[in-house]
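Note sheet for the following structure.
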Amino acid sequence: MHLVSLNIPDLFINLWRGTIECDANDDKQTWWWATLVGDTWKSLGRDVAETRSHLPGSYDRPPRNIAEKINSGYKAWEFWLFLYAIGPAVLYGRLPDQVWEHYCKLVQAVRIVLQHTITLDEVKLWTMERTIRNLTEEIRQPSNPYTNLGQRAVRRAQVNALKLMLPDLDCDDDGLPSTAKDVGGGYALLKFQDRTARTTTVQEGWAIREYMEQHHPNSELHHRFLPDGTICVIHWARIRLPNGQIGRCQWKEEQREDARKARNVQLKLNGTR
């Protein structure tokens, strides 16, 4: 975590800004790669902050204006999103081409190393560091922190042991609210929803009809289609995907100017994306 989320960003950003420590005889005026200065640095910060509405909530904390907040507790996750997600786009044209291409190779390497298919040994350190952080947050006796931390760890171990012996004590459920509708396959419809049914367009109606004929040929819903192919439906605003992420429809997102867009989802059909 520290290497890719803190150490490398600190090194690269200081090189690009020309703020890295150097020998007294080194002339920073000759640093042709240090282009993130002045108005370029400020405009970069604004562009980074403006990506907020394009990053869904499943991405957690969106990166803030890096030009204003880099010295004010910029989080590891913000550095991560900046350097390895949006960086290739917002840094294009701001870094010299040679530097940008070299940086993109780093991004590709990190994405390969941290791809979804990964072994336990490769991620166990991150999990351990997160556990340390969680236990530290539970300390409530600053005057005697180590004893307090030890007791919190013992209690956590006891709870885990009880859940292992009596699985019914683990009351974790699927996390669906009472107003949600489980539609199977790991999908669930979430509020908001229309109060009354709406008539689809002809194109929408035929798309629904074709799906129903292929997958539910005996459904009673076939009798609800009107002669022109339309059908009355109730819109739902959100859907929970099998991976736990929440997708939203344009209908609700357009009602908020500051909404973080979550209506772009990736479909996998017949083994292809």
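Assuming R0 = 25 Å, what is the FRET efficiency of Val113 and Trp33, from their Cβ-Cβ distance, to the nearest 0.05?
Numbers: r = 25 Å, r/R0 = 0.98.
Once the sixth-power term is evaluated, E becomes 0.55.
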TODO: Taking only Cα atoms and a 10 Å spring cutoff, compute GNM fluctuations for the chain and point out the largest among Leu166, Leu190, Leu125.
DONE: Leu166
Open item on the list: Per residue, how big is the convex hull of region 117-168 when only Cα atoms are used? Give it in Å³.
Closed with: 110
- [ ] Report the full-extension gain for the segment Asn270 to Leu164: residue separation times 0.36 nm, less the Cα-Cα distance, to one decimal in nm.
- [x] 34.3 nm
Task: Pairwise label distance in nanometres, Leu15 with Arg195, each label 7 Å out on the Cα-Cβ vector - done: 5.9
- [ ] Report, in deg cm²/dmol and to the nearest 500, the calculated mean residue ellipticity at 222 nm for the chain, where each DSSP H run with n ≥ 4 adds -39500 (n - 2.57) and the sum is divided by the residue count.
- [x] -12500 deg cm²/dmol
- [ ] Assuming R0 = 30 Å, can you tell me the calculated FRET efficiency for the pair Thr136 and Arg61, based on Cβ-Cβ distance, to the nearest 0.05?
- [x] 0.95
Open item on the list: Cut-off under 26 Å on the C-alpha distance; same-chain residues fewer than 8 positions from Lys261 excluded. Which lysines are left, in chain and number order?
Closed with: Lys42, Lys69, Lys75, Lys181, Lys191, Lys252
TODO: Between Pro63, Pro142, Pro177, find the one with the highest GNM mean-square fluctuation for the chain; connect C-alpha pairs within less than 10 Å.
DONE: Pro142
Open item on the list: Could you work out the relative contact order of region 2-96? I mean the mean sequence separation of Cα pairs under 8 Å and 6+ apart, divided by the number of residues, in percent.
Closed with: 31
Open item on the list: Are there DSSP H segments in the chain that both extend 18 Å or more along their axis (alpha-carbon positions) and score a mean Kyte-Doolittle hydropathy of at least -0.5? List them, or say none.
Closed with: 97-113, 145-165
- [ ] Using only alpha carbon pairs under 8 Å that are at least six residues apart, calculate the relative contact order of the chain and give it in whole percent.
- [x] 15
Open item on the list: Just to be sure I understand the model, the point goes 7 Å from the Cα along the line to the Cβ. What's the resulting Leu125 to Gln245 distance in nm?
Closed with: 2.7
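Below 8 Å, C-alpha to C-alpha, sequence gap of six or more: please give me the relative contact order for region 56-151 in percent. The partial results should precede the final answer.
On the way: 29 pairs, mean separation 14.2, N = 96.
Dividing the mean separation by the residue count of region 56-151 yields 15 percent.
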- [ ] At 20 °C and 1.002 mPa s, grab the translational diffusion coefficient of the chain from Stokes-Einstein with a Kirkwood Rh over Cα pairs, rounded to a whole number in µm² per second.
- [x] 90
Open item on the list: Could you work out how much longer the chain between Asn148 and Tyr92 gets when fully extended? Use 0.36 nm per residue separation minus the Cα distance between them, nm to one decimal.
Closed with: 15.2 nm
Task: Coordinate range along principal axes, alpha carbons of region 2-77, Å, largest first - done: 47, 29, 19
Open item on the list: Tell me the net charge near His216. Cut-off is 12 Å between Cβ atoms, His216 excluded, with +1 for each Lys or Arg and -1 for each Asp or Glu.
Closed with: -2
TODO: Taking the Cα atoms of region 181-253, report the difference between the largest and smallest coordinate on each principal axis, in whole Å and largest first.
DONE: 37, 24, 19
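Laboratory data are not the source of any read-out in this text; all were calculated from the coordinates shown. Note that the structure is a prediction, hence the values are computed from the model and not measured. All Cβ positions, even for glycine, are placed from backbone atoms using ideal geometry, and neighbour counts span all protein chains on display.
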